[in-house]
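Have a look at the structure below before the remarks.
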Amino acid sequence: AKELGRDGIAIFTPEMTATVRRKLSRTDELRQALLRDEFVLHYQPQVDVQTGSIVAAEALVRWNHPGEGLVYPGDFIALAEETGHIVPIGEWVLQRACKQAKAWQDHGLPPIRICVNVSARQFQEKRLIETVANALSESGLDPTWLELEITESLIMKDLASSIARMHELEQLGVKLAVDDFGTGYSSLSALKRFPLSRLKIDRSFIADIPHDADDMAITAAIISLAQKLDLEVIAEGVETKEQARFLVDSGCNEIQGYLYSRPVEEERFHCMLENNGRI
Ligand code: C2E
Ligand code: CA
Ligand code: CA
Ligand code: CA
């Protein structure tokens with residue numbers, strides 16, 4: 001951290017200089033990455049528990065770094081958010097994901113939703129609406145197939161402007177899901193004011209099922225809340241059959257997680273769709 005000198009003036013320590021230098025070069029790499037087309041999308045299936053078939057794909061960005069190989073979002077999204085690079089990266093993700101979904105449809109594969117994560121910075125940007133509209137018109141994807149995942153904590157940060165923004169997106173005909181649901185502090189009355197399609201139960205509640213009675217109670221409560229509010233509900237991070245069984249018994253519509261499949265490259269996903277969701 002920055003240390004304060006005798007007169008209260010911030011002094012950069014040698015370690016700090018090294019950290020700053022690393023961060024600057026990483027930032028520069030991030031800027032170049034878009035120009036050099038180093039980002040790729042992987043897709044993870046979301047499965048209907050009644051039919052067992054794939055009904056959606058979540059697009060997850062990876063950075064194909066020339067020296068380091070595949071870099072995961074946990075290692076660059078925070079910096080991209082801080083430096084603002086997340087905005088053009090997010091635009092690329094939206095365009096790519098919409099084009100891919102349309103390409104699968106044009107291939108005669110069963111049509112599925114495409115789910116795209118929207119970051120805080122992107123959500124607050126004025127041009128988000130234009131970006132989404134452009135991604136739709138350039139790809140030719142029908143808006144009802146696009147679902148934007150917005151985290152609960154982001155929505156709750158500035159409720160009034162979030163709701164306004166969500167209504168603008170609703171006007172475009174796209175769907176909205178609350179990501180990481182249960183970790184924030186949504187009041188039930190606020191939830192009713194959102195133009196939402198889906199709640200996505202956070203992975204942290206699923207991880208300890210069936211061993212943690214509290215997590216099971218919370219998960220079941222979220223599912224019944226969703227049902228009462230007439231929302232779809234999906235659980236993420238489903239890794240075991242026991243977790244899936246509990247979710248099905250509790251009335252959850254869809255599941256996503258390693259139990260069914262890890263996120264995969266587009267060719268792999270294409271094959272999974274060809275088998276009509278059976279793997
Ligand atoms: P998220 O939106 O909560 O995405 C789900 C994460 O959980 C993904 O990690 C996924 O690979 C992982 N996951 C899926 N199933 C399981 C499971 O059964 N067990 C466990 N332990 N993990 C599972 P990933 O791809 O590393 O992404 C991490 C986060 O980075 C995402 O969390 C999302 O917040 C962010 N992210 C990813 N792609 C994008 C993007 O295009 N734009 C933005 N703004 N953020 C993104
Ligand atoms: Ca997500
Ligand atoms: Ca999540
Ligand atoms: Ca727990």
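Nothing in this text is a laboratory measurement; each read-out follows from the coordinates by a stated rule. This is a predicted model, so every value here is computed, not measured. Please note: Cβ atoms are built from the backbone with ideal geometry, for glycine as well, and neighbour counts cover all protein chains shown.
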Segment His65-Gln227, length gained on full extension (0.36 nm per residue, minus Cα span): 54.0 nm
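Could you give the Stokes-Einstein D for segment 17-108 in µm² per second, using the C-alpha Kirkwood radius, 25 °C, 0.890 mPa s?
165 µm²/s
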Taking the chain and dividing mean pair separation by its residue count, relative contact order in percent (alpha carbons under 8 Å, at least six apart): 18 percent
Euclidean distance between Cα centres, segment 36-77 to segment 208-279, Å: 17 Å
FRET E, pair Gln50, Lys126, Förster distance 35 Å, beta-carbon r, rounded to 0.05: 0.30
Net charge dipole size for segment 71-128 [Lys, Arg +1 and Asp, Glu -1 on Cβ; Debye, nearest 20]: 280 debye
Under Karplus coefficients 6.51, -1.76 and 1.60, residue-wise ³J(HN,Hα) of segment 103-116 in Hz, glycine/proline x: 4, 4, 4, 5, 7, x, 6, x, x, 9, 6, 10, 10, 10
Gained length - Arg36 relative to Asp212, 0.36 nm times residue gap less alpha-carbon distance: 58.8 nm
Nonlocal amide H pairs with Cys252, under 5 Å, H built at 1.01 Å: none
In range of the label at Arg268: residues from segment 58-99 whose backbone nitrogen is under 16 Å from the point 7 Å along Cα→Cβ: 58-64, 70-73
Longest segment of the chain lacking chymotrypsin sites (Phe, Trp or Tyr not before Pro) that sit in a DSSP loop with at most 14 other Cβ atoms within 10 Å: 13-184
Long-range tail of P(r) for segment 124-279 (Cα pairs > 28 Å, %): 27 percent
Listed residue (Ile129, Ser204, Thr183) projecting farthest to the positive dipole end of the chain, Cβ model: Ile129
Farthest positive-ward along the chain dipole, Cα basis, beta-carbon charges - from Val20, Pro73, Ile163: Val20
Size of electric dipole in segment 11-165: Cβ of Lys, Arg +1 and of Asp, Glu -1, about Cα centre, debye, nearest 20: 280 debye
Projected-area mean, the chain, by convex hull of Cα positions, square nanometres: 17.7 nm²
HN-Hα J in Hz across segment 37-50 - Karplus 6.51, -1.76, 1.60, θ = phi - 60°, x for Gly and Pro: 6, 8, 8, 9, 10, 10, 10, 10, x, 10, 10, 6, 5, 6
Calculated P(r) of segment 174-219 - Cα pairs past 12 Å, %: 65 percent
Debye, to nearest 20: dipole size of the chain, +1 on Lys, Arg Cβ, -1 on Asp, Glu Cβ: 440 debye
Rounded to whole Hz, the Karplus (6.51, -1.76, 1.60) HN-Hα couplings of segment 155-169, x for glycine and proline: 4, 6, 4, 9, 4, 4, 6, 5, 5, 4, 4, 5, 5, 4, 5
Compactness index (Cα Rg / 2.2 N^0.38 Å), segment 74-137: 1.23
Hydrodynamic radius by Kirkwood, which averages 1/r over all alpha carbon pairs of segment 169-259, in angstrom: 13.3 Å
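Would you please report the Å³ per residue occupied by the convex hull of the alpha carbon atoms in segment 44-194?
Here the figure is 137 Å³ per residue.
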